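Read through the structure below, which is laid out as structure tokens, and then see the notes.
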Amino acid sequence: MTTISTPHEAAVHHHAPPDSFIRKYVFSLDHKVIGKQYLGLALVAVCTGMVLSWYMRLHLGFPDAKAPGLGLITPEQYLQLMTMHGTIMVFFVLTTAPFAGFGNYVLPIQVGAEDMAFPRFNMMSFWVTFVAFAILVASFFVPEGPALSGWTAYAPLSAVGKDAGPGQGLGQTLWAFSILFFCIGQLLGSLNFIATTLDLRTKGMSLARLPYCTWAWFITSVIGLIAFSVLMPACVLLILDRVAGTSFFIPAGLVVSDRLQNHGGGSPLLWQHLFWFFGHPEVYIAILPGFGIISTILPVFARKPLLGPNVFLACMVAIGFLSYTVWGHHMFLSGMSPTSATIFSVPTLIITIPAAIVTLLWIGTVYGARLRFTTACLFCLGFISVFVTGGLSGFFLAQPSIDTYLHATYFVVGHFHFVMGVAAMFGIFAGTYYWFPKMFGRMMDERLGKIHFILTLIGVYAIFMPMHYLGMAGNIRRYSSFPADYMGVDLPVHRWITIAALLTGAVQLIFLYNLIRSRFAGEAAPDNPWQATSLEWSTTSPPPFDNFGGRHLVVAHGPNDYGVAGPDGRDYIMQAE
Amino acid sequence: MGKLFAAIVAAIALVSAGVFVARIWWLPPDISTLGPAIDRQIVETMVATGVLFVLAQLALAWFVWGTGDEKNRRPIKRFPGGATPLVVIACTIVGIEIITLTLIGSKVWARIFLEPAPPEALHVDVQAGQFAFYFRYAGADGKFGTPHPDKIDEGSGNFFGLDPASDTAARDDIVSAELVVPVNRPVLLTLHAKDVSHSFFVPQLRLQQDFVPGLDIPLHFTATQVAKTEIVCTQLCGLGHYNMKTYLEVKSQADFDQWLKDQAAQQ
């Protein structure tokens with residue numbers, strides 16, 4: 001039975017339940033509502049980003065086809081679609097959903113707190129992120145359209161303004177403002193996650209007893225705090241270059257569109273260093289929550305503990321630390337010192353060791369398990385598969401001498417979509433199927449979930465594996481079309497990828513339908529439908545405003561007690577019993 | 001469901017690896033002195049990661065296949081030896097790969113970027129701008145004229161901003177829209193951009209390097225076959241990026257000398 005005791009002082013964080021619609025659902029201080037708001041924003045963002053990718057793929061596979069609403073896609077439209085797809089997916093989906101969304105909803109409950117440490121900052125964090133998204137979407141409607149210089153916005157293309165061509169006017173400025181606001185939102189969120197994890201744990205919830213996803217969100221917060229602190233001022237400098245005539249990223253003597261630019265003294269490589277100092281840790285901001293989610297969920301459905309939990313935590317910390325030493329591998333060919341490339345190559349290869357250990361721990365956990373093949377479990381297994389695939393192709397790109405050939409080819413696109421995009425998405429799907437009953441008090445349809453999983457698994461391999469083949473053949477990314485040159489012969493592969501992408505996109509409608517239908521008509525969820533151990537399963541589905549109905553749980557066990565002789569003949573022991 | 005998952009993962013792994021083994025889509029023919037070493041590095045990495053890829057996917061599929069489902073009440077098994085053997089395996093295998101690949105790879109990298117071009121190398125000055133490359137040869141005096149950004153005028157063909165009126169070295173500079181080089185002779189390129197970042201990529205040379213505004217970046221290679229192949233830009237540079245390309249033509253020394261002579265006459 002659940003233990004109730006005097007509250008641990010630090011775990012108490014009172015604020016009154018809201019009494020108006022606005023304070024309850026819009027400007028809410030409740031971490032659960034804010035978590036749902038983040039997930040809702042991510043859902044809108046992922047739908048937007050996916051539709052943009054359909055347009056891109058349609059044009060690449062069928063260059064003469066007219067796209068609905070756009071007609072024949074022009075080169076600048078293609079680059080705008082690509083830039084907005086990348087920006088929306090990386091920032092507003094892969095960061096927002098697994099970290100800010102699930103983290104906000106689940107972390108305070110898992111540590112036994114009533115809310116986040118700073119609820120007002122938490123609310124501000126979401127609404128600043130919302131404004132960031134609104135600014136980005138608004139850029140679709142300005143003259144000459146949104147930015148087209150890629151999600152990396154390399155200077156001086158992104159810095160010199162309108163002279164550099166379409167998309168370099170107001171659209172690019174709005175892009176920089178959007179990312180600036182996004183950084184502010186994530187900094188506020190990261191501070192909150194760190195303070196909540198360290199200060200608001202309930203009695204008995206030592207750091208060693210934190211569930212693995214909470215550990216992952218905590219480590220991700222530390223990474224985010226440093227990474228976004230660097231990108232934020234970089235965006236300020238970019239904005240100043242664009243609107244105030246400064247020259248942080250623009251050297252002297254540039255002639256753009258036949259006009260000698262009135263700039264001097266800046267460095268394009270400075271932007272690249274600042275961007276990638278954020279950009280590579282961002283990969284881990286996107287994927288580490290997935291690590292945590294998979295390591296939390298897999299033991300639940302394997303009915304056995306995660307193999308080597310301490311090793312797992314040590315690996316996550318090592319990955320977090322190493323993530324700050326590898327940014328230069330994005331810049332092997334950038335013109336920075338070739339000696340630096342050799343130096344950056346070493347930690348880039350070394351980081352594969354903790355990643356490989358974690359992967360083997362998951363596979364070792366599956367060994368000899370008695371798996372319950374729920375949809376959440378299947379997405380965990382799928383996560384392992386796609387992470388292995390994406391991780392191994394990173395071996396190629398970590399070597400400067402191979403990068404001289406594969407850099408900027410579709411090999412890179414296939415690699416990062418597998419390791420960062422698809423793996424993170426599988427983590428998001430696993431989390432959604434797993435925590436949906438807790439969040440909404442209703443079960444999702446498992447039959448539809450399994451169909452969704454199988455078709456998605458096949459689909460993502462059909463899309464992204466051929467991109468590796470294209471890369472080997474020297475096919476260049478970020479090209480709006482492939483005229484009759486050596487890449488022209490690759491058109492059938494692009495056509496295959498396009499068809500696979502459109503079909504896999506259509507499969508996501510099954511998920512969307514399941515999500516909406518289950519929200520209103522799903523089977524009622526019990527408090528602990530999965531027979532899991534962590535604290536969110538010790539409260540009602542959905543939890544009350546203060547999470548535990550005034551109870552203050554005392555934690556007596558770790559999160560990993562599966563396959564054990566528990567009370568009442570159960571094979572698990574809940575953390576607070 | 002587990003068996004279906006296992007079958008799909010195993011099939012995906014084998015088909016994916018099979019396409020690489022069959023080399024249906026593969027590197028284009030190499031025409032450079034550096035190419036064989038880079039190709040070897042790629043193949044060795046492909047073999048190492050390919051084996052790990054297939055083993056890891058098949059292990060996952062095998063374990064999932066073997067677990068059955070929860071109706072199967074056989075006892076749960078722990079991984080033999082716990083996490084320790086897996087940590088040892090990961091550290092050993094990945095460690096060996098890292099050391100091997102780094103040692104081999106850094107030698108190749110050093111040959112491309114750390115070793116200077118031989119003194120007899122043909123020096124070509126390369127300028128990239130939205131959305132074209134221009135190549136400049138020093139002419140009979142062996143000296144390049146000094147570029148002046150304020151004198152760049154594409155309308156009159158002054159792509160480099162030369163000032164032949166007051167700069168004698170600039171008077172015999174030869175400018176071409178294609179890169180023409182002699183076979184088996186080292187070529188030293190100096191890359192600079194006039195507007196935004198671009199990149200120089202010749203797949204058949206296995207060579208790629210960014211142009212960065214404000215920097216002069218050296219790059220050298222030796223072509224080993226008479227050939228004509230494409231040079232493409234791989235750094236997003238604006239709306240015409242996809243169409244920023246030209247040709248590398250490798251000629252015999254005699255043909256190259258004749259070409260240079262013809263070009264000089266036309267300038």
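We did not get these values from a lab; they are worked out from the coordinates using the rules stated. This is a predicted model, so every value here is computed, not measured. Glycine gets a Cβ as well: all are built from the backbone with ideal geometry, and neighbour counts include every protein chain shown.
Taking Cα atoms only, the orientation of helix A:352-366 departs from the longest principal axis of chain A by about 40 degrees. Over region A:29-569, one equal point on each Cα, no solvent: what is log10 I(q)/I(0) by the Debye formula at q = 0.09, 0.10, 0.12 Å⁻¹? Summing over Cα pairs of region A:29-569 leads to -0.64, -0.80, -1.16. Less than 18 Å from a label point 7 Å out along the Cα-to-Cβ axis of B:Gln253: which backbone N atoms in region B:211-232 qualify, by residue? Backbone N within reach: B:221-227. Counting 0.36 nm for each residue step from B:Gln267 to B:Asn184 and taking away their Cα separation leaves a gain of 27.2 nm.
The residues A:Asp30, B:Asp262, A:Asp19, A:Asp561, when put in order of fewest to most other Cβ atoms within 10 Å, stand as A:Asp19, B:Asp262, A:Asp561, A:Asp30.
With a simple spin-label model that places each label point 7 Å from the Cα along the Cα-to-Cβ direction, the separation between A:Asp199 and B:Val43 comes to 6.1 nm. Is there a pair in B:Lys143/B:Lys245; A:Lys32/A:Lys304; A:Lys66/B:Lys151; A:Lys304/B:Lys3 whose C-alpha atoms are over 31 Å apart, and which pairs would that be? In this structure, A:Lys66/B:Lys151 lie more than 31 Å apart at Cα. With a simple spin-label model that places each label point 7 Å from the Cα along the Cα-to-Cβ direction, the separation between B:Ile89 and B:Ala227 comes to 4.1 nm. Residues whose amide H comes within less than 5 Å of that of B:Val180, counting only those at least five positions distant or on another chain, are B:Glu249 (H built at 1.01 Å from N in the peptide plane). What does the charge count near B:Thr102 come to, summing +1 for each Lys or Arg and -1 for each Asp or Glu among other residues with Cβ under 14 Å from its Cβ? Value of the local net charge: -2. Ranking of A:Asp568, A:Asp163 by neighbouring Cβ atoms within 10 Å, starting from the fewest: A:Asp568, A:Asp163. 3J(HN,Hα) along region B:21-27, derived from phi through the Karplus expression 6.51 cos²θ - 1.76 cosθ + 1.60 where θ = phi - 60°, amounts to 4, 6, 6, 5, 10, 8, 4 Hz, with x in place of Gly and Pro. Per-residue extension of 0.36 nm, minus the Cα-Cα distance of A:Arg23 and A:Phe321, leaves a gain of 103.4 nm for this segment.
Note on A:Asp571/A:Leu455: beta-carbon distance plugged into 1/(1 + (r/R0)^6) with R0 of 22 Å gives a FRET efficiency of 0.10. Coupling constants for region B:39-53 follow from the phi torsions by the Karplus curve (6.51 cos²θ - 1.76 cosθ + 1.60, θ = phi - 60°), and in residue order they are 4, 4, 4, 5, 5, 4, 5, 4, 5, 4, 6, x, 4, 4, 4 Hz; glycine and proline get x.
A:Phe118 sits among other residues whose Cβ lies under 14 Å from its own Cβ, and their net charge, with Lys and Arg +1 and Asp and Glu -1, is -3.
Backbone amide hydrogens, once placed in the peptide plane, bring A:Val256 within less than 5 Å of A:Gln261, excluding anything fewer than 5 places away on its chain.
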